[in-house]
Amino acid sequence: QVQLEESGGGLVQSGGSLRLSCAASGSIFSIIAMAWYRQAPGNERELVARITDNDATTYADSVKGRFTISRDNAKNTVYLQMNNLEPGDTAVYYCNSDVLVDPEGYLDLWGQGTSVTVSS
(Lines give C-alpha, C1' and ligand atoms only; values in the text may rest on other atoms or scores of the structure.)
Protein backbone atom coordinates (compact mmCIF):
# COMPACT_ATOMS: atom_id res chain seq x y z
CA GLN A 1 0.00 0.00 0.00
CA VAL A 2 1.22 3.48 -0.91
CA GLN A 3 -0.09 6.41 1.07
CA LEU A 4 0.64 9.96 2.22
CA GLU A 5 0.44 11.12 5.81
CA GLU A 6 0.49 14.78 6.84
CA SER A 7 1.40 16.27 10.20
CA GLY A 8 2.28 19.61 11.78
CA GLY A 9 -1.01 21.47 11.65
CA GLY A 10 -2.50 23.25 14.62
CA LEU A 11 -3.60 26.56 16.09
CA VAL A 12 -1.28 29.55 15.82
CA GLN A 13 -1.59 33.30 16.28
CA SER A 14 -1.31 35.72 13.40
CA GLY A 15 2.34 36.30 12.57
CA GLY A 16 3.39 32.90 13.85
CA SER A 17 4.91 29.95 12.04
CA LEU A 18 4.19 26.28 11.42
CA ARG A 19 5.97 23.54 9.51
CA LEU A 20 3.90 20.88 7.80
CA SER A 21 5.32 17.47 6.91
CA CYS A 22 4.10 14.85 4.47
CA ALA A 23 5.67 11.40 4.34
CA ALA A 24 5.07 8.96 1.52
CA SER A 25 5.17 5.29 2.52
CA GLY A 26 5.09 2.05 0.60
CA SER A 27 6.95 0.65 -2.37
CA ILE A 28 7.62 3.73 -4.49
CA PHE A 29 9.79 3.57 -7.56
CA SER A 30 9.96 7.31 -8.10
CA ILE A 31 8.32 10.48 -6.81
CA ILE A 32 7.75 12.80 -9.74
CA ALA A 33 6.40 15.74 -7.76
CA MET A 34 4.94 16.64 -4.38
CA ALA A 35 2.62 19.50 -3.58
CA TRP A 36 0.52 21.15 -0.91
CA TYR A 37 -3.08 22.18 -1.48
CA ARG A 38 -5.49 23.83 0.93
CA GLN A 39 -9.23 24.18 1.25
CA ALA A 40 -11.06 26.63 3.49
CA PRO A 41 -14.77 26.22 4.33
CA GLY A 42 -16.89 27.23 1.37
CA ASN A 43 -13.89 27.59 -0.94
CA GLU A 44 -12.42 25.51 -3.73
CA ARG A 45 -9.28 23.52 -3.08
CA GLU A 46 -6.27 25.48 -4.32
CA LEU A 47 -2.63 24.79 -4.99
CA VAL A 48 -0.33 26.31 -2.38
CA ALA A 49 3.09 25.06 -3.44
CA ARG A 50 4.64 22.36 -5.59
CA ILE A 51 8.11 20.88 -5.96
CA THR A 52 9.32 18.56 -8.73
CA ASP A 53 11.89 15.78 -8.73
CA ASN A 54 14.49 18.27 -10.00
CA ASP A 55 13.60 20.78 -7.22
CA ALA A 56 11.70 23.26 -9.36
CA THR A 57 9.15 25.07 -7.17
CA THR A 58 5.84 26.83 -7.72
CA TYR A 59 3.93 29.00 -5.24
CA ALA A 60 0.52 30.58 -5.10
CA ASP A 61 0.75 34.37 -5.24
CA SER A 62 -0.93 34.65 -1.85
CA VAL A 63 1.86 32.73 -0.08
CA LYS A 64 4.92 33.71 -2.11
CA GLY A 65 7.60 35.11 0.17
CA ARG A 66 6.00 33.62 3.28
CA PHE A 67 5.91 29.86 2.57
CA THR A 68 8.75 27.58 1.50
CA ILE A 69 8.38 24.06 0.14
CA SER A 70 11.25 21.57 0.36
CA ARG A 71 11.81 17.84 0.11
CA ASP A 72 13.98 15.10 1.57
CA ASN A 73 14.30 12.44 -1.10
CA ALA A 74 15.90 9.89 1.23
CA LYS A 75 12.84 10.07 3.50
CA ASN A 76 10.24 10.50 0.74
CA THR A 77 9.04 13.54 2.64
CA VAL A 78 7.97 17.04 1.66
CA TYR A 79 7.80 20.02 4.02
CA LEU A 80 5.96 23.31 3.97
CA GLN A 81 7.48 26.00 6.16
CA MET A 82 4.82 28.64 6.78
CA ASN A 83 5.96 31.97 8.20
CA ASN A 84 4.09 35.18 8.98
CA LEU A 85 0.79 33.33 9.01
CA GLU A 86 -2.43 35.26 8.45
CA PRO A 87 -6.06 34.43 9.29
CA GLY A 88 -6.62 33.94 5.55
CA ASP A 89 -4.27 30.95 5.70
CA THR A 90 -6.77 29.05 7.84
CA ALA A 91 -7.69 25.86 5.98
CA VAL A 92 -7.22 22.13 5.81
CA TYR A 93 -3.92 21.47 4.07
CA TYR A 94 -3.58 18.39 1.87
CA CYS A 95 -0.46 16.71 0.59
CA ASN A 96 -0.48 15.57 -3.03
CA SER A 97 2.08 13.46 -4.84
CA ASP A 98 2.60 12.08 -8.34
CA VAL A 99 4.43 8.77 -7.97
CA LEU A 100 5.46 5.69 -9.92
CA VAL A 101 4.69 2.43 -8.13
CA ASP A 102 4.62 -1.29 -8.85
CA PRO A 103 2.32 -2.65 -10.26
CA GLU A 104 -0.09 0.26 -10.74
CA GLY A 105 2.34 2.54 -12.52
CA TYR A 106 1.53 6.24 -12.29
CA LEU A 107 -0.59 7.30 -9.30
CA ASP A 108 -1.89 10.64 -8.08
CA LEU A 109 -2.06 10.38 -4.28
CA TRP A 110 -3.74 12.51 -1.62
CA GLY A 111 -3.23 12.60 2.12
CA GLN A 112 -5.96 12.87 4.74
CA GLY A 113 -5.25 16.53 5.46
CA THR A 114 -4.01 18.50 8.44
CA SER A 115 -5.88 21.47 9.86
CA VAL A 116 -4.28 24.92 10.23
CA THR A 117 -6.09 27.64 12.15
CA VAL A 118 -4.65 31.15 12.41
CA SER A 119 -6.22 33.46 14.98
CA SER A 120 -6.14 37.25 14.74
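First measure r as the distance between the Cβ atoms of THR57 and ASN83, then evaluate 1/(1 + (r/R0)^6) with R0 = 25 Å and state the FRET efficiency to the nearest 0.05.
After rounding to 0.05, the efficiency reads 0.95.
How much length, in nm to one decimal, is gained on full extension between GLN3 and ASP102, taken as 0.36 nm per residue of separation minus their Cα-Cα distance?
Extra length from GLN3 to ASP102 when fully extended: 34.3 nm.
Scan around ALA33 for amide H atoms under 5 Å from its own, H built in the peptide plane at 1.01 Å from N, and keep only partners 5 or more places away or cross-chain.
ASP98
Out of the range 11-114, which GluC sites (Glu not before Pro) are coil in DSSP terms and have no more than 13 other C-beta atoms within 10 Å?
GLU44, GLU104
Give the accessible surface of the chain per residue, rounded to a whole number of Å², with probe radius 1.4 Å and ligands, DNA and RNA excluded.
Accessible area per residue, the chain: 53 Å².
What is the dipole size for the chain, taken about its Cα centre, with +1 at each Lys and Arg Cβ and -1 at each Asp and Glu Cβ, in debye to the nearest 20?
360 debye
So for the chain, what are the equivalent ellipsoid semi-axes in whole Å, largest first, each being the square root of 5 times an eigenvalue of the Cα gyration tensor?
Semi-axes, largest first: 25, 14, 12 Å.
Quick one: what does P(r) look like for the range 1-72 with 5 Å bins over all Cα pairs, in whole %?
Spelled out per bin, shortest first, that is 3, 12, 21, 26, 21, 10, 5, 1.
Probe radius 1.4 Å, ligands and nucleic acids ignored: give me the carbon and sulfur share of the accessible area of the chain as a rounded percent. If you can, show how the numbers build up before the last one.
Working: 2810 of 6380 Å².
C and S fraction of accessible area: 44 percent.
From Cα pairs below 8 angstrom and at least 6 apart in sequence, can you work out the relative contact order of the chain, rounded to a whole percent?
36 percent
Taking the simple approach of a point 7 Å from Cα along Cα-to-Cβ for both SER115 and ARG45, what is their distance in nm?
For the pair SER115/ARG45, the computed spacing is 1.8 nm.
Which of the trypsin sites (Lys or Arg not before Pro) found in the range 4-67 are in a DSSP loop and have at most 12 neighbouring Cβ atoms, other than their own, within 10 Å?
Filter output for the range 4-67: LYS64.
So for the range 69-120, what are the equivalent ellipsoid semi-axes in whole Å, largest first, each being the square root of 5 times an eigenvalue of the Cα gyration tensor?
One finds semi-axes of 28, 13, 7 Å for the range 69-120.
The values are calculated or read from the model by the stated rules, or taken from the named source; none is laboratory data. Quick caveat, the model's predicted, so the values are computed rather than measured. All Cβ positions, even for glycine, are placed from backbone atoms using ideal geometry, and neighbour counts span all protein chains on display. When the accessible area is computed, the model is the full protein with side chains, heavy atoms only, and any ligands, DNA or RNA have been set aside. Shrake-Rupley method; radii C 1.70, N 1.55, O 1.52, S 1.80 Å.
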